[in-house]
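Enquirer: Below are the structure tokens for one structure; questions will follow.
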Amino acid sequence: MPRSLSTAHWVTLVAVLITTLGGIVAAVVSRKPASVAGVALSGRIVSPSRRDAVGSSLRVRVELAGVPIDHHVWLVIRLDDRLWPKEPEIPAGRPEWVGEIVHGVSGRGFALRLLAVSSAGQDSIERWLERGRGTGVYAGLTRVPGAVLLSEVDSLVPSDPDEPDRVRMR
């Protein structure tokens, strides 16, 4: 017949479970810097800012640190669950980059992501761009392999007065 645990054993068991679950929750919730092979990566979209009204051509400023030479950096438009990498690719070795992208979204808000991408992800983006150039259709990606999210600015609002009620992506 199995023995019952004493009160002291129950207290110890509950304390161990709480400590373990607390550690798991803290690890999931904490916003540690991204890393690749133990090297801390950091990147931030300095501008635009959340809820900015943006034209179809968008001036972007980013700051980068620690991106390995074998990785690539891309700005990506996120609309719902789809991603559209935007040219030009950002040089990984520069601490700051300022440039323009054309986003092509109208009718509702979207997000801009800054990604560090492995060679597998780079190959995927290059194939996607080639297909798009050949067909004129840039269907959004569901994921970019080997991508690490460095920064995201959400709730950007397209200021396209010509098509306020229609959502489309070029």
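The values are calculated or read from the model by the stated rules, or taken from the named source; none is laboratory data. Quick caveat, the model's predicted, so the values are computed rather than measured. Here Cβ is always computed from backbone atoms with ideal geometry, including for glycine, and neighbour counts include all displayed protein chains. Remember, those area values only see protein heavy atoms, side chains included, never the ligands or the DNA or RNA. Shrake-Rupley method; radii C 1.70, N 1.55, O 1.52, S 1.80 Å.
Enquirer: Just to confirm my filter: which strands (runs of 3 or more DSSP E) fall fully inside the stretch 47-148 and include at least 3 residues that are of a type in the set (K, R) and more than 18 Å from the chain's Cα centre (by Cα)?
Expert: On the way: elements: 57-65, 72-79, 82-90, 96-102, 110-117.
Here the list is empty.
Enquirer: If a residue must be open to solvent by less than 10 Å² (accessible area, probe 1.4 Å) and under 16 Å from V67 (Cα atoms), how many such residues does the stretch 92-114 contain?
Expert: The qualifying residues number 1.
Enquirer: Please enumerate the residues belonging to the stretch 66-91 that are at pLDDT below 95 and surrounded by fewer than 21 Cβ atoms within 10 Å (Cβ to Cβ).
Expert: Once the filter is applied, which keeps residues that are at pLDDT below 95 and surrounded by fewer than 21 Cβ atoms within 10 Å (Cβ to Cβ), the stretch 66-91 yields G66, P68, I69, D70, D80, D81, P91.
Enquirer: For V144, indicate whether it is of a type in the set (A, V, I, L, M, F, W, C), over 14 Å from W74 (Cβ atoms) and buried (at least 20 other Cβ atoms within 10 Å of the Cβ).
Expert: Numbers: of a type in the set (A, V, I, L, M, F, W, C): yes; over 14 Å from W74 (Cβ atoms): no; buried (at least 20 other Cβ atoms within 10 Å of the Cβ): yes.
Taking the combined requirement at face value, the residue does not satisfy it.
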